[in-house]
Amino acid sequence: MTGFPILTVMLAVPAIAAVACIFVSANAARWIALLATLVDLVLGIWLWAQFDIGGPQWQFVEHVPLFGKFGWALGIDGFALMLIMLSVFLMPICIGASWIAIEKRVQEYMAAFLVTEVLMIGTFAAQDLFLFYIFFEAGLIPMYLIIGIWGGVNRIYASYKFFLYTLLGSVLMFIAMLWMAQFAGTTDIPTLLNTDFPVHAQIWLWLAFFASFAVKMPMWPFHTWLPDAHVQAPTAGSVILAGVLLKLGGYGFLRFSLPMFPEASAQLGWLVFGLSAVAVIYTSLVALVQSDMKKLIAYSSVAHMAIVTIGLFAFNRQGIEGAMIVMLSHGLVSAALFLCVGVIYDRLHTREISRYGGLAINMPKYAILFMLFTMASVGLPGTSGFVGEFLSLAGTYQVSTTITLLCTTGIILGAAYMLYLYRRVVFGDLTEDDVRAMPDLSFREVALLAPIAAVVLWMGVYPESFLAPMRADVGTLEARIARAAPAGDSLPTPGKHVTPVAHGEAHQ
Amino acid sequence: MNASLLMILPEEVLTLGALVLMLVAAWGGQASTKAISWTSVAILIGAGIALIGPASSGGEAFYGLYRADAFGAFAKVLIYIAAAVAIIVAPRFFEQTSGDDLRPEYPVLILLSAVGMGMMVSAGDLLTLYVGLELQSLAAYVLASFMRRDTRSAEAGLKYFVLGALASGILLYGISLVYGFSGTTLFTSIATAYGAGHSMGLTFGLVFVFAGLAFKISAVPFHMWTPDVYEGAPTPVTIFFASAPKVAAMALAVRVAIEAMGPATDQWRQIVIFASLASIIFGAVAAIGQTNIKRLLAYSSINNVGFLLVGLAAGTAQGVASVLFYLTVYVAMTLGSFLVVLQMRDVSGEPVETIASLSGLSQRRPGLALAMMIFMLSLAGIPPMLGFNAKLAVFQAAVDAGFISLAVVGFVASVIGTYYYLRVVKVMYFDEPAGAFQRGNSIVEGGLITVAAVFVSPVGWLLLTPLGVWTATAARALF
């Protein structure tokens, strides 16, 4: 497109800012981090504006054969664009959420967040297999530090579990990547997307990639690291974990598993469907009995991610588009919910649901925003959650009615646990004195939550803005996997043909 | 003959330099220590310069006894760098540590050891190999027990000597078998003998030679000396042990495997694969319980040798190139992490070695903690550190040669190793500071740590292209 290497600049800005943060005072580090993330947000908006919808599949391509075996190859399609937008949108909010809550070692904290931003954008923009892996895996280091240094009481355990669990998942993928590079003779992702691997090898490769993405996603039963990591991480850490890092798994399925191994994806689709159906029901039930707010939202994330995976493996347009919208929507909504938890945690320093109650009385602004996000999480029409879940389930229905039936219960259960949470925290009487003393949202907190609320409604009312950039890519993907698409069990059967009878004939 | 003399120029420079310095030491005594140290570094640099020309491209010298090729030259550059670092950091260490002072023999012994290592990596004959190995080892035995009044150091020297002598015996036995059944000690002729057909005697010889070499590179099951020696030896000597002789022994093993026993690849590959996986797994599991940082790094080096052997098991030019690349990164990581250990001193200046004493380092000395974190993550092979690229290279070679299951097991086992590297990061970054820590006041050591950390950090990626070319050229020399 243009000669301006915008993706490299988007990576360079936070990287330089991260280094700068280390050498300045705490307050200066806050401002540098905020400024850098806002610059990236502006660059991201410009990127979206310049993105040629209906143009070539890969845009803003940069390729410098810099590192011997692999090159500095960047480029985005519609999927990557949307997820990069999500990252750059949430990042300034994360910095804002940590403005006061983080008091110790601010410089390192801000640097860690900026490095995370670099790695997330890099993961979505990488067009070289090994470059992708490097960005994908390197993201563990700053998150490990964020959880380990600024986390809660049990942070050490959570940080180890997070790091080792996800690393173990990824090493198998790495070996698969080595094999693919040798088989195809290239590490260029667009080329690999059109390489047909032998079917028997596809199965192994698919399983190796599955090991990594299922852990990242996370899918049941590989999700156990998530509640620990979320509960122990600081608020902004949870936001970025739920908002963007969980999307890496879905993005991986979309970018690698489906187009590179279509036959294997079709043959092993039952595995994904089965695990997803279990995940929806099981984790929703688990969420219902949580007494810790963050844990509840963490389990709800697992349930929502299962809706993503069934949509992806439905092999049709509605399913894939729905999965992408659920990812974007969940990125916004769960981020907002974690921020909502963070707001009251900052005031009372507990996440116990039973300690709260009656917040609608003394925190009306908070109650309104929290309700909006609760509804979006439930999937109320008009919010982003509805669009995604509806499309995803509609796509799945064409393949398997049973799985759709099972997964739709997740929406009902989702309504149950979210409304139950909302009722216990916001409604009822103010019984505790310290809860009564809690002030309503400050200007900073409103400024953090309002933009997310706006985008959630925008996506719910006019999803076309978000679907349009991805439309061509969904088409490409659909065409690529069409040859392996499983036959659906709900194909419309021809009914009895009723011959229209002329009025009056019956009387004869 | 004149051409041969030119080809061994680096060894001549080192030998003459060491002999002259020994005389200077004899007359100059204790006072000349510093001057001799710096002159030794200059001699090592001179030997490095002498590598340009016939010494790196001459081919065979002394009727095949000695090889002057790019492979040997590449290994020698690494050896000289490591030896120079071990000499540079010694004076300050001995000055600050109570007990023995640094004596001028120290740099001279390292120079002599470097001569031996140069012979090892350039050997074209089993006898050159053995003489080089013994010259290196004898100097190393003395260095291990350099702090004569320290019981741990004396124990390390004795242990190293006894076990080293045993290993030399095994190696010699293997050499004699090979000689007996092939009638020659020249690598090229031995290769012909292996190619001629199966012979039980030659196979036995191969097994014993590899067992002897496995001791020198401290691969499991011949690793047991490593933690004790690394812990007991004075830290500058440990720096030396962990880097230069490892490079020499590994390069020697590669040369013997490819040049002398290339036709028997299928036979030695089984040994190499076993030693590789055993080293990776044992090195990872045994390190978990360690509380002493030097012992931890010793197990880490066992673990890394396992990864190096993965590249050798591939048995291809690509595999050899990956071994050389891994060795380069390994030397940087090892030198760097041991240099950080060298900085670990309490307020009174005495060295401390427990991992717990690193706690809260990121708040007391953020730069040092950052460097150590880079080294630890690089040793664990986490991207974007250069240690990841090294693992990428060896596993790519293994997968390309068709050893997918080896790659899978090796890489999955590397996750176990990640645990204890992360523990060091955890202690430095998550724990609260415990006790005071001496401020770093050596510009040279700080500079060396910075150079090593920058090299293994993502900045080092910029060197991947030239390093790829050099290692490929060096590897081609063997095929």
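Only the coordinates and a few stated rules stand behind these numbers; no lab work does. Just so it is clear, the model here is predicted, and its values are computed rather than measured. Cβ coordinates were reconstructed from backbone atoms using ideal geometry, including for glycine residues, and neighbour counts include every protein chain displayed.
Observations, loosely collected:
- Protection proxy ranking, peptides A:390-397, A:444-451, B:318-325, B:154-161, average beta carbon neighbours within 10 Å, highest first: B:318-325, A:390-397, B:154-161, A:444-451
- Calculated FRET efficiency for the pair A:Leu38/A:Val61, C-beta based, R₀ 22 Å, to 0.05: 0.25
- Listed from fewest to most Cβ neighbours within 10 Å, the set B:Ser137, B:Ser301, B:Ser348, B:Ser176 follows the order B:Ser348, B:Ser176, B:Ser137, B:Ser301.
- Tensor-based shape of segment B:285-339 (alpha-carbon gyration tensor, a/c under 1.5 rounded, otherwise prolate or oblate): oblate
- For residues of B:171-177, the mean tally of beta carbons on other chains within 10 Å: 0
- Other residues with beta-carbon under 11 Å from the beta-carbon of B:Ile355 carry, at +1 per Lys or Arg and -1 per Asp or Glu, a net charge of +2.
- Put simply, when B:220-227, A:18-25 are sorted by average Cβ atoms within 10 angstrom per residue, most first, you get B:220-227, A:18-25.
- Cα shape, the protein assembly as shown, gyration tensor, a/c 1.5 rule: prolate
- Relative contact order computed over segment A:328-405 (Cα-Cα under 8 Å; 6+ residues apart), in percent: 27
- Only aspartates and glutamates eight or more places from A:Lys294 in sequence, or on another chain, were considered; those with a Cα closer than 20 Å are A:Asp228, A:Asp346, A:Glu352, A:Glu445.
- Estimated from helical segments only, the mean residue ellipticity of the protein assembly as shown at 222 nm is -24000 deg cm²/dmol, where each DSSP H run of four or more residues counts as -39500 (n - 2.57).
- Summary value for chain A: 15 percent relative contact order, contacts being C-alpha pairs under 8 angstrom separated by 6+ residues.
- For the pair segment B:92-109 and segment A:130-161, the centres of their Cα atoms are 42 angstrom apart.
- Ranking of A:Leu312, A:Leu178 by count of other Cβ atoms within 10 Å, fewest first: A:Leu178, A:Leu312
- Pairs from B:Lys294/B:Lys426; A:Lys161/B:Lys391; A:Lys161/A:Lys295; A:Lys247/B:Lys391; A:Lys295/B:Lys426 whose Cα-Cα separation, in the structure shown, is over 20 Å: A:Lys161/B:Lys391; A:Lys247/B:Lys391; A:Lys295/B:Lys426
- Across peptide B:380-392, the average count of Cβ atoms from other chains found within 10 Å of a residue's Cβ is 5.
- Alpha-carbon centroids, segment B:1-33 and segment B:202-240: separation in whole Å: 28
- Fewest-first sequence of B:Trp38, A:Trp220 by Cβ atoms within 10 Å of each Cβ: B:Trp38, A:Trp220
- Neighbouring Cβ atoms from other chains, within 10 Å of the Cβ of residues in A:167-180, number 5 on average.
- The aspartates and glutamates within cross-link reach of B:Lys159, meaning a Cα-to-Cα straight distance under 15 Å and a gap of 8 or more places when in the same chain, are B:Asp150, B:Asp228, B:Glu231.
- Segment B:347-365 residues near the modelled B:Val444 label - backbone nitrogen below 17 Å, point 7 Å along Cα→Cβ: none
- C-alpha center-to-center spacing [segment A:189-206, segment A:1-68] in angstrom: 31
- Prolate/oblate/rounded call for chain A, Cα gyration tensor, a/c under 1.5 rounded: oblate
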